[in-house]
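Worksheet for the structure shown next.
FYI, it's all coordinate maths here, none of it is from the lab. Treat the numbers as computed from the prediction; the structure is a model and nothing was measured. Here the Cβ is made from the backbone with ideal geometry for all residues, glycine too, and neighbour counts use every protein chain on show.
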Amino acid sequence: MSAKSNIGLVGLATMGANLARNIANKGFHISVFNRTTEKTEKFIQDFGKESGGKLHGSKTLKEFIASLEAPRKIILLVKAGQPVDDMIAELSPLLDKNDIIIDCGNSHFKDTERRQNALASQGLNFIGCGISGGEEGALHGPSLMPGGSKAAWEKIRPIFEKVAAKDFAGKPCVIHIGDLGSGHFVKMVHNGIEYAIMQILAESYDILKNIGKFTNPELSKIFAGYNKNSNLKSFLIEITTKIFNKKEDGKFIIDYIKDAAGQKGTGKWTTEIAHDLGVYSPTINVAVDARIVSGDTKVREMSQGMLKQNITAKKITISGKKNLIKQVENALELATILCYEQGISLISKTSKEFDWKLNLAEITRIWQGGCIIRSSYLKDLTTALNPANEKAAMSAFQKIMKTLNGDKQKSWRKLMSLAMESGIPTPAFYACLGYFDSYAKARLPQNLIQAQRDFFGAHGYERTDKEGSFHTEW
Ligand code: 6PG
């Protein structure tokens, strides 16, 4: 290769490999490096032709660095955590001032800020870029959430805008999110919302399967029906319909998958910062907890014999089944809206706290395509969050409020009673309803907690009828 590559990428696991192919397919020359040279060679062998000679493999980091045009732009797609620090330590001595490292892994935003500071002192740029969409997204167009220096963003912008998915209006699903670790922060909250929605979908499955007694093909059809609802139509529901229909050796795979859900950390980090900043996000919290209890398989197996659910199982009728499908749809619709709301509130509060000046409308816009939580509801949400068009924002907001406050809410409440009576755990659905009900009340019962705190610890309390701090000799 005589001319230099426009960009480089380190880490050829599936995400890295697919993103590199995507970049090459969009017309950019890209150099790739992987610790195991055989992997690089195989990658070039498999995909070099498809890229029209735009993918270039390097055997050593030195060769890799030398192949890149200035300022060098290097995407890291290595495992989050220590491997990112290790790769930065190897790369940075080989780089020149103003070169840009872009970490596209699911790194903690505080780690990103630490790395930015360390590299800035060497004159190097570090962008923490959230990327969502899984393997397919990386290949065909992910949602990209870069944060860090604006000047560095401008250098990578032409490439990232071409590589990203498109929103409902055909605009690229990427913006400069903001300073410091804000890109990785927004991706982390995206994942918090992802956890919450996945949990309410799992609870819907539990209700439909164990109360409704629906078979897998029936479940697939039910979820396909939900996907026609404009507030529910989404990637997560679309894949759910496919999952219920998938067979291997004549068996439905879903019935043979162990119920212990994994987690790599982003959901938990979301709950940590929400607690640190005092942002109420109960569904994200219980979604993390639900994964924890799902992994507690041994204890659940042991306690199943001890804990008898004292319930009277009712037989479901044909009309009861039909009704159940609708109730679950209503519950899912309203709960999903409240899952997004919890994530957006967290982003909004954090943005104020750290003075990031994040653009909420633009953030939800870039989630319209490519990412895991893409959903047609994001059209209304983006409009409602956009102060530039006040009239449209107000009407989208009112539309959302009408949905939340209407008859579907009653149906959701009935479903929760049924789930409770039937002994189906639906903590994420309850958490969404609790979220709604807590904010629907100007007065909550925590006056009692204040009285108790004052009773045993003389912590003092404020009153509704006069200013100041008070203590009572109880
Ligand atoms: C995405 C996903 C992606 C990954 C999650 C899974 O947006 O593309 O969120 O980043 O699948 O990290 O996270 P857990 O393993 O924690 O479920």
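With N as its number of residues, segment 28-84 has a Cα radius of gyration that, divided by 2.2 N^0.38 Å, comes to 1.15. Distance from the alpha carbon centroid of segment 110-149 to that of segment 413-474 works out to 40 angstrom. The mean sequence separation of alpha-carbon pairs under 8 Å and at least six residues apart, normalised by the residue count of segment 131-179, gives a relative contact order of 41 percent. Cα-based values for the chain, radius of gyration first and Dmax second, are 25.0, 85 Å.
Between the amide H of Ser5 and those of Leu68, Glu69, distances stay under 5 Å, these residues lying 5 or more places away or on another chain, with hydrogens modeled in the peptide plane. With a cap of 12 neighbouring Cβ atoms within 10 Å, and only residues DSSP puts in a loop, list the trypsin sites (Lys or Arg not before Pro) found in segment 296-396. Listed in order of number, the matching sites are Lys308, Lys314, Lys315, Lys357. Extent of segment 7-180 along its three principal axes (Cα atoms, max minus min coordinate, largest first): 42, 40, 27 Å.
A straight chain from Ser395 to Gln122 at 0.36 nm per residue would run longer than the Cα-Cα distance by 93.3 nm. Using only the alpha-carbon atoms, how far is helix 390-405 inclined from the longest principal axis of the chain? Give it as 0 to 90 degrees, nearest 10. Once rounded, one gets 50 degrees.
Taking every lysine pair in segment 114-212 that is 8 or more places apart or spans two chains, those with Cα atoms closer than 20 Å amount to 8. Taken along the Cα-to-beta-carbon direction at a fixed 7 Å, the label points for Lys322 and Leu404 span 3.2 nm.
Ordering Asp259, Asp167, Asp454 by the number of other Cβ atoms within 10 Å of each residue's own Cβ, fewest first, gives Asp259, Asp454, Asp167. Can you tell me the relative contact order of the chain? Whole percent, Cα pairs under 8 Å, sequence separation 6 or more. Normalised by residue count, the contact order of the chain is 13 percent. Rounded to the nearest 10 degrees, the inclination of helix 150-163 to the longest alpha-carbon principal axis of the chain is 80 degrees.
Between the Cα long axis of helix 235-245 and the first principal axis of the chain there is an angle of about 80°, rounded to the nearest 10.
Using a cutoff of 8 angstrom between alpha carbon atoms and counting only pairs six or more residues apart, the relative contact order for segment 187-440 works out to 30 percent. Distance between the 7 Å Cα→Cβ label points at Glu161 and Glu90: 3.4 nm.
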